[in-house]
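*Asks:* Before I ask anything, here is the structure I am working with.
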Amino acid sequence: MLANDENRAQLRVRMAPSPTGPLHIGTARTSLYNYLTARHRGGTFVLRIEDTDVARSTTDFERDIIEGLHWLGITWDEGPQVAGGEDIGRYAPYRQSQRLDRYAAEAERLLADGNAYRCYCTSDELEAVRRKQEANHEPPRYSGRCRNLGDAERNAFEAEGRQGAIRFIVPPETVSWDDLVRGEVEFDNALLGDFVIVRADGSPLYNFTVVVDDAEMQISEVIRGEDHISNTPKQIALYRALGYPLPRFGHIPLILNPDRTKMSKRKSQTAMDEYRRQGYLPEALVNFLAFLGWSPGTEEEIFSLDELAERFELGKVHKGGAIFDKDRLDYLNGVYIRSLSDEQLALRLRPFLPDAAADQTVVRLVPLLKERLVRLGDAGELVGFLFETDATVASWYDGEDLVPKKREAADAASALRIVRDELSPLTDADWAADLLESRCRGIAERMGWKPGDLFKPMRVAITGRSVSPPLFGSMELVGREHCLRRMDDALAKLSGVGVGA
RNA sequence: GCCCCCAUCGUCUAGAGGCCUAGGACGCCACCCUUUCAAGGUGGAGAUCAGGGGUUCGAAUCCCCUUGGGGGCACCA
């Protein structure tokens, strides 16, 4: 008794994703809130895989979910640590597909205690009743037709080959709970029909399995999405019938599409892995997700996972939903990218760059794009010119782009020629940003051009575009030989257009 | 249709009766810096706190109603 009370005093939270799809942004956020709550209060965080829907659950999805959570830096104290792997924790197994015997036993107990019964209605019959109820403006609920079946009728159905699902008898009473984020919530269970807890084929259903597992795993606070509010009264009734102590419930607001509907794959990018592949940093995602529905109450806004764990309080979570604002995520991602050291950034950039980028080059690249990277995945686009072959490069130029505003093509050509000729005697060793810049500024001055006007044709010649990383740093990385050749190509292009040279 | 929940700038939010002529951030617009683009700096537009009633000396903050929005109503989770 004492031991049990001590257990209950211990905070235990859990995340129970079902592997019927890749890790969803919303699942990640709910996981994060559970994780932060556990860490903040020194509790235990449990991961349980709800794979009772055999038809839709796969280990690939389980892997995506587990790896995605790990990638975010979220860890759990109990549960499978690896997809398909061993469980850690004293309430193992943590996959519902491996806990079927427990549900069967509890269902039997409910049946024996008269809290549940077998129902032989077909889905067509059920559907017909539901339609009628809707037409009569009544709440759609099971009629209770099979609740008081006599032995004869039951035998007749079974003889017919009908299997019979198990329905839980919902006591017609008002239930209420003190929600961790919303306060007092009330619901009249008389509005509910007896719901199915075990399918005719013997497989248990969600509302039943969560209760059995949360109770056995001693979960003290159930923190989940707002879309579960209407499941709570059903589950409370089940807790009572089963004689389990009630946990506390906390329903966090939903993450929304821009049109304020529940965030969906159809309208938003919901797969966590997509964000990883685009080059969002887990730190940025975590920071961003934490603030979707919560704030520390100050004006600080950059927080690491550990700092969040220090500050996070479920009681400060909002009740209203929050739109997933991509612009803000992008901003935060930039902040985190810029906060990385050059070495760290180079490391993270590696998988996003073409193979041609040797590790050496990546490190030298970083200073050029650090300030202009929104996502790591944008790096290739930004510095692609470094890895192009000169043959492709030639196709970049169209005479127009090479010419600065208010200048003639002939001017651009002669300017480029001067630059080319003055730079070509430099050795490879001299080919460094500082020297190149001072030389070119000197040329501009002698020509009476604004530096920017001279740099424009050079930029296009070297990088193939009028927007690029800093010119001289880029030239240094491209190297003397290729720079000279690209300027020659540009020159040819300019004359090819037939305007001077 | 039935039930439940929610409601501060376009967005994320601060705000727990007087500190609010409502603060910050993103986005947006200017200007500065500047070799382009970014980044950075400065400034600006942007919310009669959904509307209406109360309670109170005093309400964004408490209560009620209305409106609007969302979620749930499965032998899915």
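*Asks:* For chain A, take the longest principal axis of its alpha carbons; what is the angle in degrees between that and the long axis of helix A:232-242, to the nearest 10 within 0 to 90?
*Replies:* 40 degrees
*Asks:* Moving to a separate point now. Rank by packing, highest mean first: peptides A:101-113, A:479-491, with packing defined as the count of other Cβ atoms within 10 Å averaged across residues.
*Replies:* With the highest mean Cβ count within 10 Å placed first, the list reads A:479-491, A:101-113.
*Asks:* How much net charge surrounds A:Glu108 when only the other residues with a Cβ under 12 Å from the Cβ of A:Glu108 are counted, with Lys and Arg +1 and Asp and Glu -1?
*Replies:* Charge balance near A:Glu108 sits at 0.
*Asks:* Just in the stretch A:54-86: which GluC sites (Glu not before Pro) are loop by DSSP and have at most 11 other Cβ atoms within 10 Å?
*Replies:* The qualifying sites are A:Glu86.
*Asks:* Length gain on complete extension for the stretch A:Lys265 to A:Asp428, per 0.36 nm per residue less the alpha carbon to alpha carbon distance?
*Replies:* The span from A:Lys265 to A:Asp428 would gain 53.5 nm if fully extended.
*Asks:* Would you report the distance distribution of C-alpha pairs in the stretch A:33-105 as whole percents per 10 angstrom bin, up to the bin with the largest distance?
*Replies:* Distribution as computed: 19, 49, 28, 5 percent.
*Asks:* To continue, here is another question. Just to verify a number: FRET efficiency for A:Lys316 and A:Glu173, C-beta to C-beta distance, R0 = 41 Å, to 0.05?
*Replies:* 0.80
*Asks:* How much length is gained on full extension from A:Glu67 to A:Glu134, taking 0.36 nm per residue of separation minus their Cα-Cα distance? The partial results should precede the final answer.
*Replies:* Values: separation 67, 0.36 × 67 = 24.12 nm, distance 4.39 nm.
Result: 19.7 nm gained on full extension.
*Asks:* Tell me what chain A gives for mean residue ellipticity at 222 nm when only DSSP H runs of n ≥ 4 count, each as -39,500 (n - 2.57), the sum divided by the residue total, rounded to 500 deg cm²/dmol.
*Replies:* -14000 deg cm²/dmol
*Asks:* Something else: By a straight-distance test (C-alpha under 19 Å), which lysines pair with A:Lys267 as possible cross-link partners, with residues fewer than eight away in the same chain excluded?
*Replies:* Straight-distance partners of A:Lys267: A:Lys326.
*Asks:* Multiply the residue gap between A:Arg141 and A:Asp421 by 0.36 nm, knock off their C-alpha separation, and tell me the result in nm, one decimal place.
*Replies:* Result: 92.2 nm gained on full extension.
*Asks:* Run the simple label-point estimate for A:Val82 and A:Arg372 please: 7 Å along Cα→C-beta, distance reported in nm.
*Replies:* The two pseudo-label positions are separated by 4.3 nm.
*Asks:* To check you understand DSSP bridge types, tell me what percent of the beta bridges within chain A (both residues inside) are antiparallel, rounded to 5.
*Replies:* Numbers: 18 of 32 bridges.
In chain A, approximately 55 percent of DSSP beta bridges are antiparallel ones.
*Asks:* I need the calculated FRET efficiency for the pair A:Arg407 and A:Asp325, taking r as the beta carbon distance and R₀ as 41 Å, to the nearest 0.05.
*Replies:* The formula returns an efficiency of 0.45 here.
*Asks:* Could you list log10 I(q)/I(0) for chain A at q = 0.10, 0.11, 0.12 Å⁻¹, which the Debye formula gives when each Cα is one point scatterer?
*Replies:* Those come out to -0.85, -0.96, -1.07, one per q.
*Asks:* Still on this model: May I ask you to order A:203-210, A:143-150 by the average number of other C-beta atoms within 10 Å around their residues, highest value first?
*Replies:* A:203-210, A:143-150
*Asks:* What does the charge count around A:Gly297 come to, taking other residues whose C-beta lies under 11 Å from its C-beta (Lys +1, Arg +1, Asp -1, Glu -1)?
*Replies:* -1
*Asks:* Let me ask you something else. Amide H neighbours of A:Phe195 under 5 Å, at least 5 residues apart or on other chains, H built in the peptide plane: list them.
*Replies:* Long-range HN contacts for A:Phe195: A:Phe168, A:Val170.
*Asks:* Order these by the 10 Å Cβ neighbour count, fewest first: A:Asp306, A:Asp378.
*Replies:* Details: A:Asp306 10, A:Asp378 16.
Ascending number of Cβ neighbours within 10 Å: A:Asp306, A:Asp378.
*Asks:* Shifting gears a bit: Quick one: dipole size for chain A, taken about the Cα centre, charges +1 on Lys/Arg Cβ and -1 on Asp/Glu Cβ, in debye to the nearest 20.
*Replies:* 840 debye
*Asks:* Under a 5 Å amide H to amide H cut-off, with H placed in plane at 1.01 Å, what residues pair with A:Leu11 once short-range neighbours are removed?
*Replies:* Excluding prolines and chain starts, which carry no amide H, the hits are A:Thr44.
*Asks:* Moving to a separate point now. Take the Cα atoms of the stretch A:84-146, build their convex hull, and give its volume per residue in Å³.
*Replies:* Hull volume over Cα atoms, normalised by residue count, gives 159 Å³.
*Asks:* A further question follows. Using 1/(1 + (r/R0)^6) with R0 = 51 angstrom and r between the beta carbons of A:Glu158 and A:Gln278, what's the FRET efficiency to the nearest 0.05?
*Replies:* 0.35
Each value in this text was obtained by applying a stated rule to the coordinates, not by laboratory testing. All values reported here derive from a predicted model rather than from experimental measurement. Cβ atoms come from the backbone with ideal geometry, glycine included; neighbour counts cover every protein chain shown.
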